[in-house]
Amino acid sequence: MDRSGERDGRQWAAAWRRFRSNGGIDLAGNPPLRRIPGRVQEIAASAVKESTLSAATTSMAQKRKIRVLIIDQATAFGGSIVVAARLQRALDPSKVESQVISEMDPELLRSQFGEWGKFKVIRHFFSYADHARIMRWLSRMPMRGLITRPVMYVMFLFSTSVNAVYTWRVGLRIVREKIDVVHLNNGLDNSEAALVAWLLGRRFLVHAHGPSNFGILRRFLARRAHGFVAVSTHIKEGLVQEGIPEQLIEVMPNPVEVMMIDCPAARAVRARYGLRPEQQVFGIFGRIVGWKGHREFVLAASDVLRCMPEAVAVVVGDVSDGDRKLWDELHDLVRQQKLEDRFIFTGYIAKVVEMYGIMDVVVHASIRPEPFGLVITEAMACGIPVVASNLGAPREIIDDGKDGLIVDPKDTPALARAIQALLTDERLRSKMGDLARRKVLAKYNADEYARRMEQVYRRVMRDNRVHRARR
C-alpha cells in the first residue's frame, strides 16, 4: 500500500510546527519554504503561487470592464425605464458596458435612450399587464372568492409555458453577449429573467422600485441574488421584512439629470394649450393609475379653481397598460364639477421638461405609500415647488415647509389649501423652488448615481457568498 500521502501529511504537520515556532510568516506574507522538507516544499510553493495568481486575477477582475444586462419588463412608460436610460447614459463605458432589454415600443425607447442607446425589445407573450386585466375581471365576478385561487394557479402554469420563448431569448442574449451581471430593474417581478440568470450561473442584482411581496418562487430566487438596490429607505424596510439581510441592500434614490427650462419652449407650450401669460398653472404628472391620486387631485384642484378664476389645472400623463376606465372617470368628474374649460389632459408627453416649464406648482398625490416619486425630484430640479403626499418616500426627499410641502392627499381640502398657499405667494414659491433645485442637483446627481452603481456591480462580482433569507 502506498503510504506516500500519509508520510507527506506527517512531514507537513512537523514542518508546520517548526514553521510556527520559528516566527511564522515572513514579511512578504509567505511561509519560509526552505524549512519545509521534500515534496511538501513543492506543494507549499505551488499553493503560494496559486494564491498569488488568484490575488492577481481578483485585482484584474476589479479593473476589467463589466458587462451588464439591465432587464425591464414594464409595458407602459414609467419611472423604472427612465432610470435605466439615465443610468446607461451616465455609466463610464470604459468601465461598464451596459445594454437594456425592454418590452416597450421601440420609438418610445429611442426617445428615452437616444439614437446611440443600447437596447433590445424582447416581450413576454403573457405579461404582468395581461395578468392584471384578468384579476380586474375576476374582481367583478360573483363568487370570486371561490374561483380566484384556481384561476391564479392556471394562469401561473399557462404563463410559465407560453413565456418559455421569452426566457430562451433572454438566456441566449446573456450567453452571446457574455454578460457578467444581470440587473433586474423591476425587482423580482420578472421571475423568468431571474431564473434564467441563476440557471446560467450569472450573478444578478435585484433593483426594487416598488414594494416587495415574495411568494415561493420569488423567495427562492431572492435567496440566490447577489445584491439588492432599493430606491428609498421605505422600500428597503419592506425588503428586510421579507427576510433579506440588511447588509445586502443598498439604498440608492433615483437619479435626476440637470433640467433647464427653455423659456421660448415654455411660451410655445402655453400657446399650444391656449394659456395666457398671466394665468397660473399647477399640475399632476405620471401614469394615470388609481393609487397615484388623480381623483384626489381633481377634487382638490376644483376647490382651488373656484377660488382662483385665473388658474388652470393640468393632468400630464397617459393611462397605464391600456386601461382607460380611470381616464374616463376623471373626465366625468371634471364635467360634474362644470370645470371642463379649466382642466387640461395632455396624454403622454415625450419631452416632459417642456411641461415643467409652464408650471407654478407641481402636485404629487399618491394615496398609497410612494416607493420614490421621480416626478418630485424632476420638478425640484426645475426649481418648481412641490406639494407631495405624506405616504412613503416623499418624506425622505422633501423638508416640509422648507423646500416643499407635505400633506395627506386623502384630505382634499388640505391638499387644496397647500396648492393655493403656494399659488398666492410668489416669494414663497421662488424661495422653495430655489432650495429644492439646489438640494436635488447635489443629492440626486446622475453621474454620482452611476458611480455608486458601478461600485455595486463590482461588489456583486466579488461576492462569493450564498446567502439565505431569514424566512
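The table below gives the values:
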| read-out | value |
| --- | --- |
| Qualifying residues in the stretch 396-419 (those that are part of a helix (DSSP H, G or I) and surrounded by fewer than 19 Cβ atoms within 10 Å (Cβ to Cβ)) - the one nearest to the chain's Cα centre (by Cα) | E396 |
| Matching residues in the stretch 365-380 - criterion: being hydrophobic (A, V, I, L, M, F, W, C) and surrounded by fewer than 23 Cβ atoms within 10 Å (Cβ to Cβ) | I367 |
| Pair list, Cβ under 6 Å, 6 or more apart: the stretch 413-431 residue within 19 Å of D403 (Cβ to Cβ) and in the same structural domain as M380 (by TED's automatic domain parsing), other residue in a helix (DSSP H, G or I) and among the small types (G, A, S) | L415/A300 |
| Selection from the stretch 64-74 of residues that are in a loop (DSSP other than H, G, I, E, B) and surrounded by 20 or more Cβ atoms within 10 Å (Cβ to Cβ) | D72, Q73, A74 |
| Filter pass, A350 being surrounded by fewer than 16 Cβ atoms within 10 Å (Cβ to Cβ), in contact (Cβ under 8 Å) with a residue 24 or more places away in the chain and under 26 Å from L441 (Cβ atoms) | yes |
| Exclusive hit being closer than 29 Å to C307 by Cα, β-branched (V, I, T) and in contact with a helix residue (DSSP H, G or I) (Cβ under 6 Å, 6 or more places away or on another chain), set V386, V440 | V386 |
| Selection within the stretch 195-221 - part of a helix (DSSP H, G or I) and in contact with a strand residue (DSSP E or B) (Cβ under 6 Å, 6 or more places away or on another chain) | A197, R218, L221 |
| E250 being within 27 Å of S366 (Cα to Cα) and acidic (D, E) | yes |
| Residue match in the stretch 145-166 (condition: over 20 Å from P255 (Cβ atoms), basic (K, R) and not assigned by TED's automatic domain parsing to the domain that holds S191) | yes |
| Odd one out for R133 among (1) more than 18 Å from V68 (Cβ to Cβ); (2) charged (D, E, K, R); (3) free of Cβ contacts under 8 Å to residues at least 60 places away in the same chain | (3) |
| Some residue of the stretch 113-129 being surrounded by fewer than 14 Cβ atoms within 10 Å (Cβ to Cβ), of a type in the set (G, A, S), modelled with pLDDT under 85 and assigned to a helix (DSSP H, G or I) | no |
| Lone qualifier among V196, V229 - being buried (at least 22 other Cβ atoms within 10 Å of the Cβ), over 17 Å from V456 (Cβ atoms) and assigned by TED's automatic domain parsing to the domain that holds K95 | V196 |
| Yes/no for D360 being surrounded by 18 or more Cβ atoms within 10 Å (Cβ to Cβ), among the acidic types (D, E) and over 21 Å from A416 (Cα atoms) | no |
| Residues within the stretch 102-112 that are in a helix (DSSP H, G or I), surrounded by fewer than 17 Cβ atoms within 10 Å (Cβ to Cβ) and out of contact with any strand residue (DSSP E or B) (no Cβ under 6 Å at 6 or more places or on another chain), tallied | 4 |
| Among the residues listed as Q99, Q88, the single one being touching a strand residue (DSSP E or B) at 6+ places or on another chain (Cβ under 7 Å), in a helix (DSSP H, G or I) and not aliphatic (A, V, I, L, M) | Q88 |
| Subset of the stretch 289-311 (residues that are outside any helix (DSSP H, G or I) and surrounded by fewer than 23 Cβ atoms within 10 Å (Cβ to Cβ)) | V289, M308, P309, E310, A311 |
| Candidates P211, P264, P253 - the one that is in contact with a helix residue (DSSP H, G or I) (Cβ under 9 Å, 6 or more places away or on another chain) and at pLDDT below 95 | P211 |
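Residues checked against (1) touching a residue at least 12 places away in the same chain (Cβ under 8 Å); (2) not basic (K, R):
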site	(1), (2)
F204	yes, yes
H209	yes, yes
G215	no, yes
R223	yes, no
A230	yes, yes
E237	no, yes
G243	yes, yes
V251	yes, yes
P255	yes, yes
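Residue by residue, here is whether (1) over 27 Å from H207 (Cβ atoms); (2) in contact with a strand residue (DSSP E or B) (Cβ under 9 Å, 6 or more places away or on another chain); (3) touching a residue at least 60 places away in the same chain (Cβ under 8 Å) holds:
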{"position": "G392", "(1), (2), (3)": "no, yes, yes"}
{"position": "R395", "(1), (2), (3)": "no, yes, no"}
{"position": "D400", "(1), (2), (3)": "yes, yes, no"}
{"position": "P409", "(1), (2), (3)": "no, yes, yes"}
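The values are calculated or read from the model by the stated rules, or taken from the named source; none is laboratory data. All values reported here derive from a predicted model rather than from experimental measurement. For neighbour counting, all protein chains shown are included, and Cβ atoms are generated from backbone atoms with ideal geometry for every residue, glycine included.
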